[in-house]
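Visitor: Here you go, one structure.
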Amino acid sequence: MRLFLKQTIFLFCICTTFGQVQEEVNPPEHIKSIIFKGPTEDQFPIVQIGESIHLEFDDLLANEQDYYYKIVHCDYDWTPSDLLKSQYLKGVDNQRIINYENSYTTLETYSNYQLTIPNQNTSVKVSGNYVLEIYNNSYELQFSRRFVVYKDIVKIGATIKRSRDFNFLNEKQVVQFTINSANFRLVNPKREVKVAIIQNYHWPTALFNIAPQFTLGSQLVYKYDQETAFFGGNEYLLFDTSDLRAPSSQISRIDVTELYNHYLFSDDHRKDEPYTFFPDINGDFVIRTLQGDNASREAEYTHVHFSLPYRETMALDQVYIFGKYNNYALTDENRMTYNAENGMMEAVLKMKQGFYNYKYVIQGEGENTRLNAVGGNFHFTENNYLILVYYRNFGDMYDSIIGIGSANSRTISN
């Protein structure tokens, strides 16, 4: 009986582990500037089978420790699929990252690690959702990132519309699209096909489990309003520290202590202000420097100083600086504190030289993060939308991705 109970507990643990949703794990404080992209500059890899994905990150401990990578194949809901590793990988993972160098002539020393997949040890064989996991030499998970591999089988046409809901007429954007299966036969599309819609590659606000509204020949039509609507948000704020010594329209002053300090001009609350367009990169960042030829190991780390006027509407809620630079994590490091002397919310972040987008978000106790409480929501805002089409035929062991579509709200219409 005791042996049976042990076996039952062991099997339950295995099922629990393998059934968990693979959320992205963010790194410890000494790992920074994680860049993860495919052939384009967008830092979310969406590739066809055989195309390369590239990972790069810095370790501020600078002790050249060993890091290893693993790849997990997932189903539509980001739980691990039933495939064996040999069924979705060619070669083996759990390999050491061998491409790394130490920083050169920088005030902050760091080790820069780079990994490209496919490589001589590892490549992926099937389409679908994937998670790349990075472990240290004690086999402790340091961080993980999602990526997507697809086959170009079906075509997606998408447009962005203003909401028809009068309450959100000037605040929301609606994604309407069709999936054209052409010669790819879909017997029962409501069961075989699933879609995910992602705004600016931000998974926490993605929409799932949306059935086609109707079929028209070989087309699946999704012309919803409320079901496929997103808050527009506002354009991201930005700054550029590529030149260490030159103030700019975003940087008020620069000084040097143990590192360079870049003091940004104080930002404003834009929620109740008229919408103003200026180009952004939808929350992303780009590492670059004018003081060297190789930004990966010659760019400096600087202290960037942020400030935002306190308002009573913030109450005692937590205010965070939000952006792709730390994968949109809300941590103690990017949480702002109140300065009673000047009435400002302030924070200082250690960031690698480059061009950054950011905004301010508010999190109250026991509630969801208010992403646009400071910046506001506007239907004019330029946003990118990605549509992923998943397919599982009767008897298949995993959810494949048979097409992707994209649209931008620059072309929004009524």
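The values are calculated or read from the model by the stated rules, or taken from the named source; none is laboratory data. These figures come from a predicted structure and were not determined experimentally. Cβ: placed from backbone, ideal geometry, glycine included. Neighbour counts: every protein chain shown. With ligands, DNA and RNA removed, areas are computed over all heavy atoms of the protein, side chains included. Shrake-Rupley method; radii C 1.70, N 1.55, O 1.52, S 1.80 Å.
Visitor: Suppose each label sits 7 Å from its Cα in the direction of the beta carbon; what would the K190-T109 distance come out to in nanometres?
Guide: So the two model labels end up 6.5 nm from each other.
Visitor: Work out the FRET efficiency for S52 and A246 from their Cβ-Cβ distance, taking R0 = 41 Å, and round it to the nearest 0.05. It would help to have the intermediate numbers written out before the result.
Guide: Details: r = 35 Å, r/R0 = 0.85.
Efficiency, from the Cβ-Cβ distance: 0.75.
Visitor: Over the stretch 93-137, what relative contact order in percent results from Cα pairs under 8 Å that are six or more residues apart? Intermediate values should be presented prior to the final figure.
Guide: Working: 26 pairs, mean separation 13.0, N = 45.
Here the relative contact order equals 29 percent.
Visitor: Right, another one. Could you work out the local net charge near I49, counting Lys and Arg as +1, Asp and Glu as -1, over the other residues with Cβ closer than 13 Å to its Cβ?
Guide: +1
Visitor: Also, quick follow-up: For K161, list the aspartates and glutamates whose Cα falls under 17 Å from its own Cα; do not include residues on the same chain fewer than 8 positions away.
Guide: Excluding near neighbours in sequence, the set is E171, D225, E227, E382.
Visitor: Using a Förster distance of 22 Å, how high is the FRET efficiency between Q87 and N137, based on the Cβ-Cβ distance and rounded to 0.05? Display every interim value, and only then the final one.
Guide: Numbers: r = 29 Å, r/R0 = 1.30.
E between Q87 and N137, to the nearest 0.05, is 0.15.
Visitor: Also, I was wondering about something else. Rounded to the nearest 20 debye, what is the charge dipole size of the chain about its Cα centre when +1 sits on each Lys and Arg Cβ and -1 on each Asp and Glu Cβ?
Guide: Details: 37 positive and 50 negative charges, 374 e Å.
Dipole about the Cα centre, nearest 20: 1800 debye.
Visitor: For D399, list long-range residues whose amide hydrogen, built 1.01 Å from N in the peptide plane, is under 5 Å from its own amide hydrogen.
Guide: Here Y76 satisfy the definition.
Visitor: Which order do you get for R162, R245, R185 if you rank them by accessible area with a 1.4 Å probe, largest at the top?
Guide: On the way: R162 55, R245 155, R185 190 Å².
Output order, biggest surface exposure first: R185, R245, R162.
Visitor: Enter the Cα centre distance for the pair the stretch 246-291 and the stretch 126-196, rounded to the nearest angstrom.
Guide: Between the Cα centres of the stretch 246-291 and the stretch 126-196 lies a distance of 32 Å.
Visitor: Here is a further query. Which order do E108, E41, E365 take by accessible area at a 1.4 Å probe, largest first?
Guide: Values: E108 30, E41 120, E365 180 Å².
Greatest to least solvent exposure: E365, E41, E108.
Visitor: In the stretch 293-414, carbon and sulfur make up what percent of the accessible area (probe 1.4 Å)? Walk me through the intermediate numbers first.
Guide: Values: 2410 of 5280 Å².
Looking at the stretch 293-414 in its full context, I get 46 percent from C and S.
Visitor: Need one number: nm distance between label points at I210 and V348, each 7 Å from Cα along Cα→Cβ, rounded to one decimal.
Guide: Simple spin-label model gives 4.5 nm for this pair.
Visitor: With the other protein chains left in place, how much accessible area per residue, in square angstrom, belongs to the chain at a 1.4 angstrom probe? List each step's numbers first, then the result.
Guide: Values: 20330 Å² over 414 residues.
Spelled out: the 1.4 Å probe surface of the chain, per residue, equals 49 Å².
Visitor: Would you kindly derive the ³J(HN,Hα) couplings of the stretch 311-316 from the backbone phi angles with the Karplus curve 6.51 cos²θ - 1.76 cosθ + 1.60 (θ = phi - 60°), listing them in order in whole Hz, with x for Gly and Pro?
Guide: 10, 4, 5, 6, 6, 9
Visitor: Here are several values of Rg and Dmax of the Cα atoms in Å: (1) 21.2, 69; (2) 23.0, 74; (3) 20.0, 72. Which one was derived from the coordinates shown?
Guide: This structure yields the entry labelled (2).
Visitor: Going down the table (K151/K359; K155/K271; K70/K190; K172/K194; K194/K352; K70/K151), which pairs top 31 Å between alpha carbons? Could you put the intermediate results ahead of the total?
Guide: Numbers: K151/K359 35 Å; K155/K271 38 Å; K70/K190 33 Å; K172/K194 23 Å; K194/K352 39 Å; K70/K151 22 Å.
Going by Cα-Cα distance, K151/K359; K155/K271; K70/K190; K194/K352 fall outside the 31 Å limit.
Visitor: Springs between alpha-carbon atoms under 10 Å, Gaussian network over the chain: tell me which of D243, D152, D332 tops the mean-square fluctuations.
Guide: Result: D332 has the largest fluctuation of those listed.
Visitor: Report relative contact order for the chain in percent, whole number only (criteria: Cα-Cα under 8 Å, sequence separation at least 6).
Guide: Numbers: 960 pairs, mean separation 73.9, N = 414.
Answer for the chain is 18 percent.
Visitor: Chymotrypsin sites (Phe, Trp or Tyr not before Pro), restricted to the stretch 76-110: which are DSSP loop and have at most 14 other Cβ atoms within 10 Å?
Guide: Working: sites: Y76, W78, Y88, Y100, Y104, Y110; in loops: Y76, W78, Y104, Y110.
Those that pass, being in a loop and sparsely packed, are Y104.
Visitor: Another question about this same structure. Subtracting the Cα-Cα distance from 0.36 nm times the residue separation, let me have the gained length for R370 to K223 in nm, one decimal. Write down the numbers at each step before the final one.
Guide: Numbers: separation 147, 0.36 × 147 = 52.92 nm, distance 2.75 nm.
Computed gain between R370 and K223 is 50.2 nm.
Visitor: List the residues, sorted by chain then number, that are 5 or more residues from Q48 or on another chain and whose placed amide H is less than 5 Å from its amide H.
Guide: Those lying under 5 Å, H to H, from Q48 are Y150.
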